[in-house]
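Structure first, then comments.
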Amino acid sequence: MTHDSARISPTAHYTGYAWLAHGLSDPAFATPTGQFLYRALGPANRLMRAAGQPNLDGFLLARHHMIDAVLRAAIERGEIGQVIEVACGLSPRGWRFAREFGDRVTYVEADLPGMAAKKRAVLAKAGAGGAHHRVVEIDATADAGPASVAALAETLDPARGTAIITEGLLNYFDPVAVAKMWRRFAGALARFPHGLYLADLHLAEAAGPVERLFAGALGVFVRGRIHFHFSDARAAERELGIAGFRGAELIDPSTRELPELDRTSARFVRVVAAST
């Protein structure tokens, strides 16, 4: 994610093509820049994988499939009927879940103005979008106002369980900013009968020398620092509790059975599943 609403970040381009390359997306989500970046980094990814080291696609797929699994289970249990995906970028999750669940789920994709406009065009090209699947403009750092998550939550049905997802967003913010964001999300979800927050997070305890080197290389690629949030899962869960979440779990995707799972890469990331 970038704070410049007119520019789409390299990671949005890259992940947009990565999802297509792994059969998770529609060609409309791919961009020429994404294709170039994906092919340029392909040899390094293959080399790291062959050496048994974490690689970019491995951890991207682990976090994506893990979030999908938790969200799908909550929808199928009847707990969640509305989803807000903050900093949606070129993620195909909204497209896939809208096709899978139809009007059982209202899916709202949200991002800064430049990315939101691009996403609307992508969905139109893919023949997607409609009353139950739309794109809106949002600023995840706003405490109030029309672009805040609180304002968006007020437009949804207060009688239906709601999930907020941030995939690939927290890495670019320091722990203080993340804690503030979590308070906003917990406050927005408190108005619904069931609230679920899903996100990916990096912990210091999961980062050895190779992982930190990998994070440094990734930071160069995305033109920003990759933060290792909190010392361990307990510290993160404590902060989620302070923010207002009733129950919180940090899931290690490497311990689950997920599609295309590269366990070495999956250990590099945790998936937050927190309830209100």
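Only one residue in V70, V105 is surrounded by fewer than 23 Cβ atoms within 10 Å (Cβ to Cβ), among the β-branched types (V, I, T) and under 22 Å from H22 (Cα atoms). Which one?
From the options V70, V105, the qualifying one is V70.
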- Is it true that G129 is among the small types (G, A, S), on the phi > 0 side of the Ramachandran plot and surrounded by 20 or more Cβ atoms within 10 Å (Cβ to Cβ)? no
- Message: Looking only at segment 15-61, count every residue that is over 21 Å from V269 (Cβ atoms), among the hydroxyl-bearing types (S, T, Y) and assigned to a loop (DSSP other than H, G, I, E, B) and tell me the total.
- Response: 1
- Tabulated pairs, segment 139-164, first farther than 24 Å from D68 by Cα and in contact (Cβ under 8 Å) with a residue 12 or more places away in the chain, second of a type in the set (D, E) and surrounded by 14 or more Cβ atoms within 10 Å (Cβ to Cβ), C-beta under 7 angstrom, 6+ apart or interchain: S148/D139
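One line per residue, one yes/no per condition, for (1) touching a Ser or Thr at 6+ places or on another chain (Cβ under 7 Å); (2) of a type outside the set (S, T, Y); (3) at positive phi; (4) modelled with pLDDT of 95 or more:
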position: T155; (1), (2), (3), (4): no, no, no, yes
position: I164; (1), (2), (3), (4): no, yes, no, yes
position: Y172; (1), (2), (3), (4): no, no, no, no
position: F192; (1), (2), (3), (4): yes, yes, no, yes
position: A204; (1), (2), (3), (4): yes, yes, no, no
position: A207; (1), (2), (3), (4): no, yes, no, no
position: G216; (1), (2), (3), (4): no, yes, no, no
position: G219; (1), (2), (3), (4): no, yes, no, no
position: R225; (1), (2), (3), (4): no, yes, no, no
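Output the residue which, of all residues in segment 147-169 that are assigned to a loop (DSSP other than H, G, I, E, B) and among the small types (G, A, S), is farthest from V122 (Cα to Cα).
Of all residues in segment 147-169, those assigned to a loop (DSSP other than H, G, I, E, B) come to 147-148, 154-161, 167-169.
Narrowing the set further to residues that are among the small types (G, A, S) leaves 147-148, 159, 161, 168.
Values: A147: 21, S148: 23, A159: 31, G161: 28, G168: 19 Å.
My answer is A159.
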- Message: Looking only at residues that are surrounded by 11 or more Cβ atoms within 10 Å (Cβ to Cβ) and among the aliphatic types (A, V, I, L, M) in segment 144-160, which one is farthest from R191 (Cα to Cα)?
- Response: A147
- Item | Residue count, segment 231-276 (criterion: surrounded by fewer than 19 Cβ atoms within 10 Å (Cβ to Cβ) and hydrophobic (A, V, I, L, M, F, W, C)) | 3
- Would you be able to tell me the number of residues in segment 95-146 that are among the hydrophobic types (A, V, I, L, M, F, W, C) and part of a helix (DSSP H, G or I)? 11
- Enumerate the pairs (first residue in segment 173-202 and in a helix (DSSP H, G or I); second residue anywhere and charged (D, E, K, R)) with beta-carbon separation below 6 Å, excluding pairs fewer than 6 apart on the same chain, so at least 6 apart or on different chains. A179/E239
- Residue in segment 77-93 that is farther than 18 Å from N171 by Cβ, assigned to a helix (DSSP H, G or I) and not aromatic (F, W, Y) present: no
- Task: Determine the pairs where a residue that is under 13 Å from R160 (Cα atoms) and in contact (Cβ under 8 Å) with a residue 24 or more places away in the chain, located within segment 61-85, has a partner that is among the acidic types (D, E) and assigned to a strand (DSSP E or B) with Cβ atoms under 9 Å apart, the partner being 6 or more residues away or on another chain.
- Result: V83/E109; I84/E109
- G247, sole failed condition from (1) at pLDDT 90 or above; (2) in contact with a strand residue (DSSP E or B) (Cβ under 6 Å, 6 or more places away or on another chain); (3) not aromatic (F, W, Y): (1)
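Could you count how many residues in segment 9-28 are surrounded by 19 or more Cβ atoms within 10 Å (Cβ to Cβ) and within 16 Å of the chain's Cα centre (by Cα)? Write out each step before concluding.
Here is the first cut: in segment 9-28, the ones surrounded by 19 or more Cβ atoms within 10 Å (Cβ to Cβ) are 9, 11-20, 24-25, 28.
Next, from what is left, pick out any that are within 16 Å of the chain's Cα centre (by Cα): 9, 11-19, 24-25.
Qualifying residue count for the region: 12.
Quick one: in segment 52-70, which of the residues that are farther than 16 Å from A12 by Cβ and touching a Lys or Arg at 6+ places or on another chain (Cβ under 8 Å) is modelled with the lowest pLDDT? Talk me through it step by step, then tell me what you get.
The first filter runs over segment 52-70 and keeps only residues farther than 16 Å from A12 by Cβ, leaving 52-55, 58-59, 61-62, 65-70.
Next cut, touching a Lys or Arg at 6+ places or on another chain (Cβ under 8 Å) only: 54-55, 58, 66-69.
Numbers: P54: 83, N55: 88, G58: 92, M66: 98, I67: 98, D68: 98, A69: 98.
The selected residue is P54.
The values are calculated or read from the model by the stated rules, or taken from the named source; none is laboratory data. Just so it is clear, the structure is predicted and the values come from calculations on it, not from any experiment. Every residue, glycine among them, receives a Cβ derived from its backbone with ideal geometry; neighbour counts consider all protein chains shown.
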